[in-house]
Amino acid sequence: MIDRDIAPKTYAEWEMPKNLTEKVVQLASSGDLQTLQLSNRYLPELPEELRRCKGMRHLTLEYTHTYTLPDWIKEFTKLEYLHLESKFTSPIVSLPDDIFDDMSSLTFIHFAVFIPMKRLPSFTGLTNLKSLTLAVFLSLEELPALDSLHRLEKFLVTCMPSLNTLPDLAPIKNVKSLAASLLVLSLIIISDPTIASTSETAAKPTSTQHCQTSDASAYSFPTTKKKEATNSVFTSLPS
């Protein structure tokens with residue numbers, strides 16, 4: 001199921017999008033749904049019927065007013081792609097602590113605008129994760145250990161003004177693209193994640209003004225090595 005409104009025409013369409021709860025219930029009832037991609041649609045809770053879809057492989061909830069995921073989400077053990085992005089006015093506030101324990105099939109995670117969340121669930125179980133993006137967590141104080149992410153190739157952390165340091169980067173030896181910033185304009189890209197001191201070079205910001213925006217481009221860094229950010233430290237990545 002794919003239903004996306006990527007360019008709402010009015011403010012009302014943005015703030016009060018179409019409610020798709022009944023449609024999701026209907027399509028999920030058979031248990032055959034493998035893809036759910038919603039953008040600017042209203043789905044505050046995942047309906048119980050969705051639990052039947054054990055073969056779910058792709059889940060994207062973007063600006064859906066979803067505030068949490070149910071405990072049974074961990075039963076989606078075949079999930080490969082998980083994209084959750086909130087609005088500033090209706091952010092995701094919590095995730096199940098053990099959500100990733102049995103998600104070894106997951107290769108892609110994008111979490112953005114979880115403003116009030118202070119902690120993330122453990123990454124234990126994400127043994128095949130290749131891409132991890134965490135953006136705009138204004139209250140997050142600590143990131144989980146990266147010990148299980150041996151196959152991670154891309155790691156982006158940005159707009160986390162309450163975060164003092166990054167976890168030990170030594171376990172992610174296969175990373176090809178790593179970007180970390182506490183404010184949008186203090187970007188660090190490194191090529192050697194074994195350099196522990198690098199995780200502490202981003203000074204704690206004194207203001208969150210650059211993070212407080214609903215413009216996704218503010219925290220979507222280009223994949224190229226274009227050096228546009230000011231007050232930054234760059235090291236070339238391996239080709």
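Here are some notes:
- Potential extension, N19-I6 segment - 0.36 nm per residue separation minus Cα distance: 3.1 nm
- Segment S105..H150, full-extension length gain: 14.8 nm, with 0.36 nm per residue of separation and the alpha-carbon distance subtracted.
- Inter-label distance for D98 and K176, nm, one decimal - labels placed 7 Å from Cα along Cα-to-Cβ: 3.5 nm
- Shape of the stretch 68-153, Cα gyration tensor, a/c cut at 1.5: prolate
Coordinate-derived values only; no laboratory data. Just so it is clear, the structure is predicted and the values come from calculations on it, not from any experiment. Positions of Cβ are backbone-derived with ideal geometry, glycine not excepted, and every protein chain shown enters the neighbour counts.
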